[in-house]
Structure formats: C-alpha cells, structure tokens
1. Could you work out how far helix 75-88 tilts from the main Cα principal axis of the chain, as a 0 to 90 degree angle to the nearest 10?
2. Taking chymotrypsin sites (Phe, Trp or Tyr not before Pro) that fall in a DSSP loop and have at most 16 other Cβ atoms within 10 Å as cut points, what is the longest piece of the chain between them?
3. Label points 7 Å out from Cα along the Cβ direction at residue 170 and residue 106: separation in nm?
4. Starting from the Cα of residue 76, step 7 Å along the direction of its Cβ; do the same at residue 114; then give the gap between the two resulting points in nm.
5. Is it possible to state the helix-based mean residue ellipticity at 222 nm for the chain, with each DSSP H run of 4+ residues giving -39500 (n - 2.57), the sum divided by total residues, to the nearest 500 deg cm²/dmol? What is it?
6. Could you please report the charge total around residue 135, scoring K, R as +1 and D, E as -1 over all other residues with beta-carbon less than 9 angstrom from its beta-carbon?
7. Using only the Cα atoms of the stretch 66-124, construct the convex hull and provide its projected area averaged over every direction, in square nanometres to one decimal.
8. How charged is the neighbourhood of residue 85? Take every other residue with its Cβ under 11 Å from the Cβ of residue 85, and add Lys/Arg as +1 and Asp/Glu as -1.
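Laboratory data are not the source of any read-out in this text; all were calculated from the coordinates shown. Just so we're clear, the structure is a prediction, and the values are computed from it rather than from any experiment. All Cβ positions, glycine included, derive from the backbone under ideal geometry; neighbour counts span all protein chains shown.
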Amino acid sequence: FVKNLDLGLAGKETMGIVPAKGSISDEKVAEIRGLIEKHEFEKALSMLQDELAKNPYDGILHGWMGVALMEMGNASQAASEFKKAISIAPENPDFHNGYGYAMLSQGNFAEAAASFKDAIRINPKHADAHYGLGTAYANLGDVMSATKEYTILKELDSKMADSLFKLILRGGEQ
C-alpha cells in the first residue's frame, strides 16, 4: 500500500493542494514514511499524533495516519483518518484512494468503488485507483466494469493489470 502511495511532501504544492502554513516539513514526512516502510508503526503513530496535536487540520498528516493504520490492519480507524484528510483536501486523489482501500478491507465494495471513482475523477491516470476500482467491481460481481478497468490499467501499469486480471478470473477477493 505504501509503495504505491504518493501523498506528496508537505512543503510543496501537490496535485493542486497548497499546504496550510505551519504544515509538517518534508523531512518529517520522509521520516514518517520511512518508519512505516520499516514497519515501525508505533513510532510512526507517535510522531503523527504529536504532529497532529500541533496541526490538526493538516490533510497530509491525516493521510499518513490512515496509511499507518491500514498497514497495521486497522481499516476502520484508517477510514476515519482518510475521511478527515478528504474533508481538508478534497482534491487529493490519494486520500480518496486510501479511503477506497479501507472500504475494500471492510468489505464495503460499493463505497470503495465510489471513492476510487473520485480519485480517478481527480487524476484519470491514477493506476492504483483503477486497480482498486476493478477490485471493487470484481467483488460486486460486475465483471464487465472490472474488465474495463483492466483495459485502462494495461496502459498505465501492466503488472497491476495482470494482477487485476487474475483477481477478475477468481471472481474477486483481494
């Protein structure tokens, strides 16, 4: 999940989002991402909680909190953090994508599909969102729509497309 996520660096304009003053530094984002990638979730959560206490309206922080919670297997809390991030920065496709994966993990395939569609509306070339949408469709039994996402994904990321194709053949599940 983390390797496909690009929540951006806090000090830079990312996908049209200009971070609020006092946002987390690029260095902190890199440090948090590194902790998550090394599976040092408790350290990452502690750092995120400290930063959120100072910057409660920082969508990037809520997004990374969602990522850490997803990686820990807590999709319900992750969904809540992604929802907060979306409310702060609704035009960030990665927040919608993260929320979609949280919904997939909870078996809420219709809501996952809606969130992936939002991510794709914002960034039509978001390969991970196309994969997630195809996964949601496959789990809903909508093979035609899942196959459409596979076709789009072939142009964006052939490895992800192959993985989605296998999932469609199995009839869903992640």
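1. For 75-88 against the chain, the angle is about 70 degrees.
2. With chymotrypsin sites (Phe, Trp or Tyr not before Pro) excluded where exposed in loops, the chain gives 58-174 as its longest stretch.
3. 2.3
4. Between residue 76 and residue 114, the simple spin-label model gives 2.0 nm.
5. Taken over the chain, the calculation gives -22000 deg cm²/dmol.
6. Net local charge, residue 135 excluded: -2.
7. 3.3
8. It works out to a net charge of -1.
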